[in-house]
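This report refers to the structure that appears directly beneath it.
The values are calculated or read from the model by the stated rules, or taken from the named source; none is laboratory data. Small disclaimer: the values here were computed from a predicted structure and weren't measured. Methodologically, a virtual Cβ is constructed for each residue, glycine included, from the backbone with ideal geometry; neighbour enumeration extends over all protein chains shown. Accessible surface is based on the protein model in full, side chains and every heavy atom, while ligands, DNA and RNA are left aside. Shrake-Rupley method; radii C 1.70, N 1.55, O 1.52, S 1.80 Å.
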Amino acid sequence: MTIVRFLFLYLLIIHPLVSTAQAQLDDVIEKPGASDITLDFSGIDGRNPQAATFFRSLKRNLILHSLLREVPPSQAGFQVGGTAVSQGAKIEVSVRVRNRSLNRDVFGKKYRVNPDQMEILARKVSDEVVKSLTGLEGFSQKRIAFIGLRNGEKGKEIYSAFPDGSGMVRLTRDQSVKLGLEWTPDGASLIYTSYHRGFPDIYRHTLRDGKRVALSASSGINAGGAVSPNGQKMAMILSKDGKPELYVKDLRSGRLTRLTQTPMSAKSSPSWSPDGRSIVFTSSHQGQPHLYVVRDTGGAPRRLTRGGGENLSPDWGKNGLIVFTRRRAGKYQISVLDPKKGRVTYISPMDADYEDPSWAPDGLHVVASRTIRGASSLYLLDSAGKEAKALLQGQGNWYMPAWSR
Amino acid sequence: MKHFLPLFRFLFVSLLLLILNACAGNNDEDPLQSDIGMGGGTLGNDTGTLPGGEFIDIDGLPPRDPMGVPVEGAYAPVYFGYDSSSVAPSEMSKVQQIADALSSNARYTLIIQGHTDERGSREYNLALGERRALAVRELLISFGVDGSRIQTLSFGEEQPAVAGFEESAYSMNRRAEFQLMQ
């Protein structure tokens, strides 16, 4: 790559990405096909087993990123290289990334870790390399929680794993139906609806000790629990007063406030705005399900979507954009709404139904479930609508992902 | 005697929770905190009102107390159209049968289970299933049944009656099912 091309690329992609979150999506979407950052991995000396583990994991994480692409060395803009060698009981790992056209390292670091920490280190280094190449926060060290129904099992249980599939753990084993998975903003707990006691109640599941506490268990449904960015309130859908409506509960005082009062309709999936003042949710009170936004102090909900047969499962990102599911041409498609401009872009392929999107920590990627004839798997999407990549598929059904951020 | 009722209820709920926990068995890795009383409304139930919004409660659900044991006998499910919770005229006689059963025995209570087909999000379908159960409940109330005898229990799309990915399966899954309790 020539310097001129690199500068052009920088101005086209990287600079807008780091300048503001708003510019990020617009600029990427309006220039589809803008070149990726191309990498080759020819500089790796992976002769010892720990080195092989480390670099396999590093490569897997880097090429998951939608702005990075592996190409043959002759075509690559950047060369990833490094070594991992034993130093007593520790492993010393060195990683460098070389700009091939400038013939200069843009990244170079050494690490000294225990031999059993190679995957942890690879996720960390991947985020550092992503940061140095794109200016964006990486996503590799943030877990994705999801619901899984393993082949041969009855229970819909909760799992979590890193995006590269490593570190998968099972968090429940009680065979009850669970849905509506969300992280608390501090990343320490999960909120979900479980039928543990026979009815759909909302629980907080603390990851450190596995304790589950019922946060809402009124008559009817208790669903869609979502904790506000400051951790002090929970939005949820309750039907105790005769029909499903949106409520907010102050988690300190326990005070419950109903925010909506509409004709009989289905409501679901509240998600907080980044400033914690508004809530987006799905409601069918004007016919088909659409997205609405309401202030957390109440008032009339404002409709955000016009098109699409159904508009479901909104997730309001820190970037200000709302990712959601829209039924369109008979398929469920992941869509991104800019609530300020009212513009919707579609980011998932039409080869299957994609549902239940959740923003990655970087505000660029999205994880969603992909379903064909009842078989669900987890896919990584990119808000510029690039290729969808499988994160977890096979051996069961995996759905309702929520990315910690 | 009347004063002891809350105590009995408390003991009953405690016992039920103990049994449920014991039945759950091998759950060492996810201990459940036994916060008793969640079913009866010890959570903050003081619904606030909002400026400018007039809140008219339609018949709210009764507290979720233990509702006894299931009564033998099956009732035909009420079926629904896609994304709809209106009870079609053709389904009305099924609702009338349930109303008759409830009026024949004052000790009977009812759980209406709401279900949906698999299309749409699971969370939306949970609300849609609830809406179906509530629509049948409203009908029963209009037939003269006391709303305090009727609980709703939505499963959304989680418990299909028929497996399959065609309308023939979907139409059998969009339903409300009935369980009399005493």
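In a strand (DSSP E or B), among the polar types (S, T, N, Q) and within 8 Å of chain B (Cβ to nearest Cβ): is that true of A:Thr297 in this structure?
Details: in a strand (DSSP E or B): no; among the polar types (S, T, N, Q): yes; within 8 Å of chain B (Cβ to nearest Cβ): yes.
For A:Thr297, the condition - in a strand (DSSP E or B), among the polar types (S, T, N, Q) and within 8 Å of chain B (Cβ to nearest Cβ) - is not met.
Condition first: within 14 Å of another protein chain (Cβ to nearest Cβ) and more than 19 Å from A:Gly287 (Cα to Cα). Now tell me which residues in region B:62-92 satisfy that. Working first, answer last.
Initially, region B:62-92 is screened for residues within 14 Å of another protein chain (Cβ to nearest Cβ), giving B:62-70, B:80-87.
Answer for region B:62-92, where residues must be within 14 Å of another protein chain (Cβ to nearest Cβ) and more than 19 Å from A:Gly287 (Cα to Cα): B:Pro62, B:Pro63, B:Arg64, B:Asp65, B:Pro66, B:Met67, B:Gly68, B:Val69, B:Pro70.
If you check A:Ala300 against the conditions, is it free of Cβ contacts under 8 Å to residues at least 12 places away in the same chain and touching a strand residue (DSSP E or B) at 6+ places or on another chain (Cβ under 8 Å)?
Considered against the rule, which asks whether it is free of Cβ contacts under 8 Å to residues at least 12 places away in the same chain and touching a strand residue (DSSP E or B) at 6+ places or on another chain (Cβ under 8 Å), A:Ala300 comes out as yes.
Would you please name the residue that is surrounded by the fewest Cβ atoms within 10 Å (Cβ to Cβ), looking only at residues in region A:179-200 that are facing chain B (nearest Cβ under 9 Å) and within 21 Å of A:Asp315 (Cα to Cα)? Spell out how you get there, then give the answer.
Restricting attention to region A:179-200, the residues satisfying the condition of being facing chain B (nearest Cβ under 9 Å) are A:179-180, A:193, A:195-200.
Next cut, within 21 Å of A:Asp315 (Cα to Cα) only: A:179-180, A:193.
Numbers: A:Leu179: 24, A:Gly180: 30, A:Thr193: 27.
The extreme case among them is A:Leu179.
Against the condition in a helix (DSSP H, G or I), touching a residue at least 60 places away in the same chain (Cβ under 8 Å) and in contact with a Leu (Cβ under 8 Å, 6 or more places away or on another chain), how does B:Ala101 come out, does it pass?
Numbers: in a helix (DSSP H, G or I): yes; touching a residue at least 60 places away in the same chain (Cβ under 8 Å): yes; in contact with a Leu (Cβ under 8 Å, 6 or more places away or on another chain): yes.
Yes: the conditions hold for B:Ala101.
Give the number of residues within region A:53-86 that are touching a Ser or Thr at 6+ places or on another chain (Cβ under 8 Å) and hydroxyl-bearing (Ser, Thr, Tyr).
2
Quickly run through region A:206-265 and pick out the residues that are small (Gly, Ala, Ser), open to solvent by 10 Å² or more (accessible area, probe 1.4 Å) and more than 10 Å from every other protein chain (Cβ to nearest Cβ).
Within region A:206-265, A:Gly231 is the sole residue that qualifies.
Name every residue in region A:161-197 that is out of contact with any Phe, Trp or Tyr (no Cβ under 6 Å at 6 or more places or on another chain), free of Cβ contacts under 8 Å to residues at least 24 places away in the same chain and assigned to a strand (DSSP E or B), in order of residue number.
If the condition is that a residue be out of contact with any Phe, Trp or Tyr (no Cβ under 6 Å at 6 or more places or on another chain), free of Cβ contacts under 8 Å to residues at least 24 places away in the same chain and assigned to a strand (DSSP E or B), then A:Val169, A:Ser189 are the ones that fit.
Quick check on my filter: what residues within region A:359-375 are assigned to a strand (DSSP E or B) and open to solvent by less than 10 Å² (accessible area, probe 1.4 Å)? I'd like the intermediate steps shown before the answer.
Step one: list which residues in region A:359-375 are assigned to a strand (DSSP E or B), which gives A:359, A:365-372, A:375.
Across region A:359-375, the qualifying residues are A:Trp359, A:His365, A:Val366, A:Val367, A:Ala368, A:Ser369.
Where the second residue is surrounded by fewer than 18 Cβ atoms within 10 Å (Cβ to Cβ) and assigned to a strand (DSSP E or B) and the first is within 12 Å of chain B (Cβ to nearest Cβ) and lies in region A:312-331, which pairs have Cβ atoms under 9 Å and are six or more apart or on separate chains?
Every condition considered, the pairs that remain are A:Arg326/A:Tyr346.
Determine which member of the set A:Gly148, A:Gly77 is surrounded by 18 or more Cβ atoms within 10 Å (Cβ to Cβ), touching a residue at least 40 places away in the same chain (Cβ under 8 Å), out of contact with any Leu (no Cβ under 7 Å at 6 or more places or on another chain) and in the same structural domain as A:Ser57 (by TED's automatic domain parsing). Before you say what the answer is, go through the steps one by one.
Details: A:Gly148 fails: in the same structural domain as A:Ser57 (by TED's automatic domain parsing).
Being surrounded by 18 or more Cβ atoms within 10 Å (Cβ to Cβ), touching a residue at least 40 places away in the same chain (Cβ under 8 Å), out of contact with any Leu (no Cβ under 7 Å at 6 or more places or on another chain) and in the same structural domain as A:Ser57 (by TED's automatic domain parsing) holds for just one of A:Gly148, A:Gly77, which is A:Gly77.
Kindly indicate whether any position in region A:105-121 is part of a helix (DSSP H, G or I), closer than 29 Å to A:Val367 by Cα and either open to solvent by less than 20 Å² (accessible area, probe 1.4 Å) or in the same structural domain as A:Ala388 (by TED's automatic domain parsing) (or both).
First pass over region A:105-121, keeping only residues part of a helix (DSSP H, G or I): A:115-121.
Retained after the next criterion (residues that are closer than 29 Å to A:Val367 by Cα): A:116-121.
Next, from what is left, pick out any that are either open to solvent by less than 20 Å² (accessible area, probe 1.4 Å) or in the same structural domain as A:Ala388 (by TED's automatic domain parsing) (or both): A:118, A:121.
Yes, some residue in region A:105-121 is part of a helix (DSSP H, G or I), closer than 29 Å to A:Val367 by Cα and either open to solvent by less than 20 Å² (accessible area, probe 1.4 Å) or in the same structural domain as A:Ala388 (by TED's automatic domain parsing) (or both).
Do you know which of the residues in region B:53-71 that are charged (D, E, K, R) and open to solvent by 40 Å² or more (accessible area, probe 1.4 Å) is modelled with the lowest pLDDT? Give the steps one after another, and end with the answer.
Quick first cut of region B:53-71, residues charged (D, E, K, R) only: B:54, B:57, B:59, B:64-65.
Checking the rest, the ones that are also open to solvent by 40 Å² or more (accessible area, probe 1.4 Å) come to B:54, B:57, B:59, B:65.
On the way: B:Glu54: 41, B:Asp57: 49, B:Asp59: 73, B:Asp65: 72.
Residue satisfying both the conditions and the ranking: B:Glu54.
Among the listed residues B:Leu134, B:Leu110, identify the single one that is within 8 Å of chain A (Cβ to nearest Cβ), of a type in the set (A, V, I, L, M), under 14 Å from the mean Cα position of the chain (by Cα) and closer than 25 Å to B:Pro70 by Cα. Reasoning before the result, please.
On the way: B:Leu110 fails: within 8 Å of chain A (Cβ to nearest Cβ).
So the residue among B:Leu134, B:Leu110 that is within 8 Å of chain A (Cβ to nearest Cβ), of a type in the set (A, V, I, L, M), under 14 Å from the mean Cα position of the chain (by Cα) and closer than 25 Å to B:Pro70 by Cα is B:Leu134.
Out of A:Gly308, A:Gly276, A:Gly287, report the one residue that is under 23 Å from A:Pro229 (Cβ atoms), open to solvent by 10 Å² or more (accessible area, probe 1.4 Å) and part of a loop (DSSP other than H, G, I, E, B). Spell out how you get there, then give the answer.
Working: A:Gly308 fails: under 23 Å from A:Pro229 (Cβ atoms); A:Gly287 fails: under 23 Å from A:Pro229 (Cβ atoms).
Sole residue among the options that is under 23 Å from A:Pro229 (Cβ atoms), open to solvent by 10 Å² or more (accessible area, probe 1.4 Å) and part of a loop (DSSP other than H, G, I, E, B): A:Gly276.
Among the listed residues B:Leu126, B:Leu153, which satisfies the condition of being at the interface with chain A (Cβ under 9 Å from one of its Cβ atoms), touching a strand residue (DSSP E or B) at 6+ places or on another chain (Cβ under 7 Å), open to solvent by 10 Å² or more (accessible area, probe 1.4 Å) and hydrophobic (A, V, I, L, M, F, W, C)?
Details: B:Leu126 fails: open to solvent by 10 Å² or more (accessible area, probe 1.4 Å).
Criteria check complete, one pass: B:Leu153.
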